[in-house]
Amino acid sequence: MIDVSSPNLPQDEANGHPNISPMYGVSVYPAVTTRANIFNKNMQEIIPGVFLGPFSAAQKHCLLESGIRYVVCVRQEVDAHFIKPQISDPSFAYLTLDIADNATENIIRFFPKVLQVLVHGNNGNSRSATLILAYIMEKFGLSYSDALQFVKEKRASINPNEGFLAQLAEYEPIYKAHKLWPMENRQVTADPNVNVSS
């Protein structure tokens, strides 16, 4: 798991949902399910403090207005020249994940623990949405289909690829087992070939 929290960064109180200047074309108002919203340029607050949106939402003014200090940028390696951190301010923590948007990509290894964060990719619809879905599943004990329905109510444009949906289904019993088996009783290894027994 990736923990993007940092005790060294200041925590702001959650600021409602301000309208960001129309000249930037970004707002944090809740999504309305319309045809025009399918490829929107807005970020939506999925649950308090967890936002999902496109690359264009990761502007410093948008983040400050929303009380966001943590940003997870999800991109394909080939997009690294233009999908990259836009903020050099040390009061922001920026985690960049190179994840291909294809059905065979192993995204389950990136399912993060997040707080007061914007998770974005290029469009905020597949890779970044999958990370948010995994977080929502674990945080609220939801199935992947219930989490998908919940997040679609907030951001109608999400559309994880079939491989990511399969990994979300695979993740469901994993996170439920973790809740039954406390962390102090298990050892975790990144190498699937290593057999760890207690």
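The values are calculated or read from the model by the stated rules, or taken from the named source; none is laboratory data. This is a predicted model, so every value here is computed, not measured. FYI the Cβ positions are ideal-geometry reconstructions off the backbone, even for glycines, and counts take in every protein chain you see.
Okay, here's what the table says:
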{"item": "Whichever residue in segment 120-148 is hydroxyl-bearing (Ser, Thr, Tyr) and more than 19 Å from Leu95 (Cβ to Cβ) and, among such residues, is modelled with the lowest pLDDT", "result": "Tyr144"}
{"item": "Yes/no for Ser27 being touching a helix residue (DSSP H, G or I) at 6+ places or on another chain (Cβ under 9 Å), small (Gly, Ala, Ser), modelled with pLDDT under 90 and surrounded by fewer than 23 Cβ atoms within 10 Å (Cβ to Cβ)", "result": "yes"}
{"item": "Sole exception among (1) part of a helix (DSSP H, G or I); (2) surrounded by fewer than 17 Cβ atoms within 10 Å (Cβ to Cβ); (3) not β-branched (Val, Ile, Thr) for Asn102, by number", "result": "(1)"}
{"item": "Those residues of segment 75-95 which are among the β-branched types (Val, Ile, Thr) and at pLDDT 90 or above, in sequence order", "result": "Val78"}
{"item": "Segment 114-159, subset outside any helix (DSSP H, G or I) and of a type in the set (A, V, I, L, M), residue surrounded by the fewest Cβ atoms within 10 Å (Cβ to Cβ)", "result": "Leu115"}
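Condition check ((1) out of contact with any Asp or Glu (no Cβ under 8 Å at 6 or more places or on another chain); (2) of a type in the set (Gly, Ala, Ser); (3) without any contact (Cβ under 8 Å) to a residue 12 or more places away in the chain) across all residues:
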position: Phe51; (1), (2), (3): no, no, no
position: Ser56; (1), (2), (3): yes, yes, no
position: His61; (1), (2), (3): yes, no, no
position: Glu65; (1), (2), (3): yes, no, no
position: Arg69; (1), (2), (3): no, no, no
position: Cys73; (1), (2), (3): yes, no, no
position: Asp89; (1), (2), (3): yes, no, no
position: Leu97; (1), (2), (3): yes, no, no
